[in-house]
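These notes concern the structure reproduced below.
Values in this text are rule-based calculations from the coordinates and carry no lab data. Keep in mind the model is a prediction, meaning the values are calculated, not measured. Glycine also receives a Cβ, built like all others from the backbone with ideal geometry; neighbour counts cover every protein chain displayed.
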């Protein structure tokens with residue numbers, strides 16, 4: 001089925017907005033008008049108007065009467081809520097993944113993580129960092145998407161944007177965090193290989209709690 005042009009433009013405008021938000025070209029808490037969003041995203045006004053209800057539904061902007069549109073602000077409530085939601089979703093997802101993921105998939109993920117972890121223990125190049133970040137995000141996306149629930153996958157995607165915004169000015173793995181983060185992933189994968197659902201849930205909850213503390217600079 002052909003997607004209407006208006007929907008394609010809306011989706012393009014949404015992608016442009018979230019990319020600029022994560023790049024800090026649009027700041028959390030910033031007040032913007034529809035016309036300013038046209039200039040910032042390079043999209044037509046019609047696409048911006050169709051994008052706004054989706055952004056509001058996702059909690060990324062809210063309408064402020066007589067002022068304009070306010071971008072999501074970062075505060076302690078957002079941190080608590082975003083990480084709590086992540087813990088709930090990924091705890092259930094990892095339990096299901098533990099039951100259903102083929103062993104060869106778990107082995108492949110383990111090899112990928114171990115290779116990056118071993119390399120990073122010696123030196124961390126920009127290429128290793130980029131690869132590690134892709135593996136990190138893909139690992140969590142794969143666990144969620146394996147549930148086969150589009151509603152949960154969409155909630156996870158939006159929540160991931162909020163969590164990346166929380167992490168100050170850098171949304172990517174820092175060199176000094178690569179080994180600890182991948183050790184946490186490997187602990188999850190070890191439980192998955194043993195088909196230890198309780199252990200996998202415990203490991204992913206510990207990983208999420210560590211991520212929350214890192215995001216808060218603790």
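Using C-alpha pairs below 8 Å separated by at least 6 residues, the relative contact order for region 5-71 is 37 percent. Computed across region 135-218, the Kirkwood hydrodynamic radius from all distinct Cα-Cα pairs reaches 13.8 Å. Taking the Cα atoms only, what angle lies between the long axis of helix 76-100 and the longest principal axis of the chain, rounded to 10 degrees? Between the helix axis and the principal axis of the chain, the angle is about 50 degrees. Cβ crowding within 10 Å ranks 88, 116 as 88, 116, fewest other Cβ atoms first.
Extension gain, residue 62-residue 141: 0.36 nm per intervening residue step, less the Cα-Cα distance, totals 25.7 nm. Against the chain, whose longest principal axis comes from its Cα atoms, helix 197-215 is set at around 50 degrees.
Grab the DSSP H runs of the chain that are 4 residues or longer, score each as -39,500 (n - 2.57), total them, divide by all residues and round the 222 nm result to the nearest 500 deg cm²/dmol.
So the helix-based figure for the chain works out to -24500 deg cm²/dmol.
If you average the C-alpha positions of region 184-210 and of region 54-115 separately, how far apart do those two centres end up, in angstrom? Between the Cα centre of region 184-210 and that of region 54-115, the gap is 17 Å. P(r) tail for region 57-116, what percent of Cα pairs lie past 15 Å? Tail fraction, whole percent: 71. Using the Cβ-Cβ distance between residue 76 and residue 103 with R0 set to 45 Å, the FRET efficiency from 1/(1 + (r/R0)^6) comes to roughly 0.60.
Across the chain, the relative contact order, built from alpha-carbon pairs under 8 Å that are at least six residues apart, equals 24 percent. Quotient of the Cα radius of gyration of region 5-71 and 2.2 N^0.38 Å, N being its number of residues: 0.99. Just so you know, the Rg over Rh for region 98-184 is 1.00, from Cα atoms, with Rh as the Kirkwood radius. The alpha-carbon atoms of the chain, seen along their principal axes, cover 56, 40, 32 angstrom, with the largest extent given first.
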